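*Asks:* After the structure tokens below, expect a handful of questions from me.
The values are calculated or read from the model by the stated rules, or taken from the named source; none is laboratory data. Since the model is a prediction, treat every value here as computed from it, not as a measurement. Neighbour counts run over all protein chains shown; Cβ positions are idealised from the backbone, glycine included.
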Amino acid sequence: MANIKKNDTVTVIAGKEKGKTGRVFGVNKKDERVLVEKLNIIKRHTRPSALNREGGIIEREAPIHVSNVMVLCPKCSKPTRVSHSFLGGDKKVRVCKKCGEPLDKA
């Protein structure tokens with residue numbers, strides 16, 4: 001689950017949102033799911049309550065399973081798998097499998 005982190009740009013590789021890209025703004029490690037901005041939008045019908053005076057239909061993002069997204073490399077801008085290597089001997093970073101560039105900011 002350390003392959004995808006918050007603020008990563010990902011592309012969806014399976015499901016109804018296949019081919020679309022977005023930024024991750026939430027990661028649920030326990031359920032292995034990620035929340036991606038403006039992707040996998042669901043409509044929630046809510047009743048009026050103390051918190052939500054009006055009620056109605058609320059649109060929000062639903063989580064996507066981590067196996068259905070791939071990290072987009074900022075250097076080669078292709079969806080890629082992630083490997084890990086040590087930078088400078090002691091700092092572990094994520095590395096693009098296609099171009100070999102680090103995904104994490106050093």
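One line per residue, one yes/no per condition, for (1) within 19 Å of Ala2 (Cβ to Cβ); (2) out of contact with any helix residue (DSSP H, G or I) (no Cβ under 9 Å at 6 or more places or on another chain); (3) not hydrophobic (A, V, I, L, M, F, W, C):
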| site | (1), (2), (3) |
| --- | --- |
| Gly26 | yes, yes, yes |
| Lys30 | yes, yes, yes |
| Ser49 | no, yes, yes |
| Leu72 | yes, yes, no |
| Lys78 | no, yes, yes |
| Phe86 | yes, yes, no |
| Glu101 | yes, yes, yes |
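*Asks:* Then there is this: Given the criteria assigned by TED's automatic domain parsing to the domain that holds Glu17, part of a loop (DSSP other than H, G, I, E, B) and touching a strand residue (DSSP E or B) at 6+ places or on another chain (Cβ under 7 Å), does Leu35 qualify?
*Replies:* When the stated conditions are applied, Leu35 does not pass them.
*Asks:* May I ask you to verify whether Glu59 is in a loop (DSSP other than H, G, I, E, B), among the charged types (D, E, K, R) and at negative phi?
*Replies:* No: the conditions fail for Glu59.
*Asks:* While we're here: Working carefully through the options Val95, Val12, find the one that is in contact with a helix residue (DSSP H, G or I) (Cβ under 9 Å, 6 or more places away or on another chain), crowded, with 17+ Cβ neighbours inside 10 Å and in contact (Cβ under 8 Å) with a residue 12 or more places away in the chain.
*Replies:* Just one listed residue meets the conditions, Val12.
*Asks:* Search segment 62-90 for residues being within 12 Å of the chain's Cα centre (by Cα) and not in a strand (DSSP E or B), and hand back the single one that is surrounded by the fewest Cβ atoms within 10 Å (Cβ to Cβ).
*Replies:* For segment 62-90, the residue satisfying everything is Ser67.
*Asks:* Which pairs have Cβ atoms under 9 Å, sit 6 or more apart or on different chains, and link a residue in segment 29-43 that is within 15 Å of Val12 (Cβ to Cβ) and touching a residue at least 12 places away in the same chain (Cβ under 8 Å) to one that is part of a strand (DSSP E or B) and of a type in the set (Phe, Trp, Tyr)?
*Replies:* From segment 29-43, the pairs are Val34/Phe25; Leu35/Phe25; Val36/Phe25; Glu37/Phe25.
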